Amino acid sequence: MVKTPIYFDHAATTPVCEESAKAMLNYLTGTFGNPNSQHEFGRQAMKAVDEARDGIAKIINCKPSELYFTSGGTESDNWALRGVAHAFKNKGKHIIISPIEHAAMLATAKALEKEGFKVSFMKVDGEGFVDLEHLKSIVDKDTIFVGCMLANNEVGTIEPIKEIAQIAHSVGAVCFTDAVQAAGVLKIDVKDLGVDLMSMSSHKIYGPKGVGALYIRNGLRIESIITGGHQERTKRGGTTNVAGIVGFYEAFRIADRDLEKNAIYVSALRDRFIERALNEIPYIKLNGPKDGSKRLPANADFSFDYIEGESILFSLDLAGIAVSSGSACSSGSLEPSHVLLSLGLPEALAHGSIRFSFGKHNTLEEIDYAVDELKSAVSRLREMSPLFKLEEGEIKNV
Ligand code: PLP
């Protein structure tokens, strides 16, 4: 008997791992000082933040001085795009991003358009991969920023960032990647990728919410978006979230240590789920890359003909299975997924998608239980769908 509820929504957030929670506790109670204070409490807190910065910098292969702590992925994305746009506005006004970026990027780009910047979108193919030839054709000497996520949060596509960075640099533009879904899951070396900026977030990798980081290549010009005190080498004001940063580092350290083991384990769960779902459920489409090595190990995203994603989500919720329809941040809205529309899916299918994102605590039994429940939910919902009955020939004269 499988124990419910089952959590298959790790792309939305993850539980804080024990190591991270334990590491944080001391900095919430015992060593609670403000790192900016000129006394022992402050010095101890500063030491912990320095250690976290050194440790995370080592994991992604940058210098500690190139790492800035933020409140998470959304702030890092905002800072990268707005900060570069404002710093380079006299050089050019052209911003290029992918159409499948997170809302943190899309909304910021929209706001910058209102300030007079021109925003263009790279093309992506049916699996979500950026069309590099198209990107080459749209960069120009006015381009100041080229941004693309390292891996997509909805369909799991892992993008060719190294090539994107080369194209950006060929016209002197800054290259940014949002690695919120990838950091701690895929091995990342920022120097090898060649990006100038990279966003990360703690709560996707078994760390606490409300903390993340932005890698900023040394020497890159960028304006601050949060002004205030002298924290983060005067680039980002606000009293340092010491416990959060310590927890983020500990979660990142564990994720990096176990990266290969987790990838093998979680992708085996994913592959089992995908195989069974595709074989046993009719009129279902796997969104994103078919090649498992080019999609996030934890991601399986499907569209279902004749039914809304929300109805499947509610049925699975009743069966004790937690999943997401579209991206976590857009769920709750009735808009079709912008990611699936960009991949060329018709609106009906873009409405009917469900994302399963697995984690290191999930089991094969849970996978099998979930496929069984999904199967019966889909067939029950289709029995109520006149469109489906028409397709099946059960309704003749509609
Ligand atoms: N970027 C991507 C790709 C994400 O998936 C998310 C969160 O879902 C974010 C940015 C925002 O990160 P945070 O929740 O840390 O603000």
Exercise. Applying the selection to the stretch 262-296, what residues are part of a helix (DSSP H, G or I), in contact (Cβ under 8 Å) with a residue 60 or more places away in the chain and not hydrophobic (A, V, I, L, M, F, W, C)?
Worked result: N262, Y265, R270, R272, R276, E280, K294
Seminar exercise, completed: Residues of the stretch 63-93 being within 10 Å of E223 (Cα to Cα) and small (G, A, S), in sequence order, are A80, G83, A85, A87
Exercise. Pairs, please: C-beta under 9 Å, at least 6 apart or cross-chain, first residue buried (at least 24 other Cβ atoms within 10 Å of the Cβ) and in the stretch 135-164, second part of a helix (DSSP H, G or I) and among the acidic types (D, E)?
Worked result: G147/D77
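The rows are residues; the columns are (1) within 15 Å of the chain's Cα centre (by Cα); (2) within 16 Å of the ligand (Cβ to nearest atom); (3) part of a loop (DSSP other than H, G, I, E, B).
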| position | (1), (2), (3) |
| --- | --- |
| I164 | no, yes, no |
| I167 | no, no, no |
| T177 | yes, yes, no |
| V180 | yes, yes, yes |
| V195 | no, yes, yes |
| M200 | yes, yes, no |
| I205 | yes, yes, yes |
Exercise. How many residues does the stretch 209-226 contain that are in contact with a helix residue (DSSP H, G or I) (Cβ under 9 Å, 6 or more places away or on another chain), open to solvent by 10 Å² or more (accessible area, probe 1.4 Å) and not charged (D, E, K, R)?
Worked result: 7
Exercise. Residues L81, L106, L67: which one is of a type outside the set (D, E, K, R) and touching a Ser or Thr at 6+ places or on another chain (Cβ under 7 Å)?
Worked result: L81
Problem set entry | Qualifying position, being at pLDDT below 95, farther than 30 Å from D271 by Cα and surrounded by fewer than 24 Cβ atoms within 10 Å (Cβ to Cβ), among G194, G229 | G229
Exercise. Which one of these is within 17 Å of the chain's Cα centre (by Cα), away from the ligand (no atom under 11 Å from the Cβ) and modelled with pLDDT of 95 or more: V119, V155, V146, V171?
Worked result: V155
For this session: Evaluate the stretch 297-310: report whether one residue or more is open to solvent by 30 Å² or more (accessible area, probe 1.4 Å), modelled with pLDDT of 95 or more and not in a strand (DSSP E or B).
Result: no
Exercise. Would you say Y7 is within 16 Å of the ligand (Cβ to nearest atom), open to solvent by 10 Å² or more (accessible area, probe 1.4 Å) and either under 30 Å from F356 (Cβ atoms) or of a type in the set (V, I, T) (or both)?
Worked result: yes
Exercise. Checking Y249 against (1) closer than 28 Å to E365 by Cβ; (2) open to solvent by 30 Å² or more (accessible area, probe 1.4 Å); (3) aromatic (F, W, Y), which single condition isn't satisfied?
Worked result: (1)
Problem set entry | Residues being over 30 Å from A173 (Cβ atoms) and more than 11 Å from the ligand (Cβ to nearest atom) - total across the stretch 207-243 | 7
Exercise. Quick one: in the stretch 52-74, which of the residues that are surrounded by fewer than 23 Cβ atoms within 10 Å (Cβ to Cβ) and within 18 Å of the chain's Cα centre (by Cα) is nearest to the ligand (Cβ to nearest atom)?
Worked result: T74
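The values are calculated or read from the model by the stated rules, or taken from the named source; none is laboratory data. Everything numeric here is computed off the predicted structure, so don't read it as measured data. Cβ coordinates were reconstructed from backbone atoms using ideal geometry, including for glycine residues, and neighbour counts include every protein chain displayed. Just so you know, the surface numbers come from the protein's heavy atoms only, side chains and all, with ligands and any DNA or RNA stripped out. Shrake-Rupley method; radii C 1.70, N 1.55, O 1.52, S 1.80 Å.
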